Amino acid sequence: AEASKAKLADASVTTSAQASAEGQLFGSVGLRDIAEALNPGGNNVHKNQVILGEGPLRNTGEYDVVINLHADVQTTVKVIVVGDK
């Protein structure tokens, strides 16, 4: 878990979704989307390890998302949600 935490330190991922001109998503970015965005970098993050305090992300912007790697090991990654053009 500590090795995974070190790999995720200062990590950020960008995900895109269809959005209105005001930045509201047509749908949402959820746990699975975030876990899948983190995994190509060699991480092994499962959707049940992603903690979204207020539920799925429904607007474009930057979010700090907690990843629970073990009972006593957590880290925060930056998730950037951009709208598809």
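The values are calculated or read from the model by the stated rules, or taken from the named source; none is laboratory data. Since this is a predicted model, take the numbers as computed values, not measurements. We place every Cβ from the backbone using ideal geometry, glycine too, and count neighbours over all the protein chains shown. These area figures cover heavy atoms from the full protein model, side chains too; ligands, DNA and RNA do not enter into them. Shrake-Rupley method; radii C 1.70, N 1.55, O 1.52, S 1.80 Å.
Remarks
- Summed over segment 26-85, residues that are under 17 Å from Ala11 (Cα atoms), open to solvent by 80 Å² or more (accessible area, probe 1.4 Å) and in a strand (DSSP E or B) total 3.
- Annotation note: Cβ proximity below 7 Å between a residue of segment 49-63 that is in contact (Cβ under 8 Å) with a residue 12 or more places away in the chain and a residue that is surrounded by 14 or more Cβ atoms within 10 Å (Cβ to Cβ) and of a type in the set (Ser, Thr, Tyr) (sequence gap 6+ or interchain) occurs for Pro56/Ser28; Leu57/Ser28; Leu57/Tyr63; Arg58/Ser28.
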